[in-house]
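Notes follow once the structure below has been shown.
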Amino acid sequence: MLFVIEDKTFALCVTLFATLLGFSMTLRKAWVKPHEEKAISFFLNAIKFLPAIFALSSFSFLTVAYPLTAGLANASVALVVYGRKKQLTGSSVSK
């Protein structure tokens, strides 16, 4: 099924929603099985959006929202993976 969204802002919001929905599943897996994920991969992916934002010729919601959302989502997964690995490793050592 193909549909077209005419309004740019609405189309971006749908895209951001789909991106965050996908990252919610990744966050859940990172929380449950942090040793199956590499925090550095998500961290580097988050960092790559910084130059992309600064390379923009104009700043508006439409131009900044996606790289900012994707960067923050990747950073949050990296923090969850790192934090949970540390938490689980620390708890197993103290037992």
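Each reported figure results from applying straightforward, stated rules to the coordinates on display, with no laboratory input. Everything quoted here is computed from the prediction, not taken from an experiment. Here the Cβ positions follow ideal geometry from the backbone for every residue, glycine too, while neighbour counts run over all protein chains shown.
Scanning region 73-82 for residues that are surrounded by fewer than 19 Cβ atoms within 10 Å (Cβ to Cβ) and either over 13 Å from Ser24 (Cβ atoms) or more than 8 Å from the chain's Cα centre (by Cα) (or both) yields a count of 3. The set of residues in region 39-71 being under 20 Å from Phe23 (Cβ atoms) and surrounded by fewer than 14 Cβ atoms within 10 Å (Cβ to Cβ) consists of Ile40, Ser41, Leu44, Ile47, Lys48, Leu50, Phe61. Being over 13 Å from the mean Cα position of the chain (by Cα) and exposed (fewer than 10 other Cβ atoms within 10 Å of the Cβ) is the filter here; which residues of region 1-27 pass it? Those that are over 13 Å from the mean Cα position of the chain (by Cα) and exposed (fewer than 10 other Cβ atoms within 10 Å of the Cβ): Met1, Leu2, Phe3, Val4, Glu6, Asp7.
Quickly run through region 44-66 and pick out the residues that are within 19 Å of Asp7 (Cα to Cα), assigned to a helix (DSSP H, G or I) and not aliphatic (A, V, I, L, M). Matches in region 44-66: Phe61, Thr63, Tyr66.
Candidates are the residues of region 28-38 that are touching a residue at least 24 places away in the same chain (Cβ under 8 Å) and assigned to a helix (DSSP H, G or I); the one that is surrounded by the most Cβ atoms within 10 Å (Cβ to Cβ) is Ala30.
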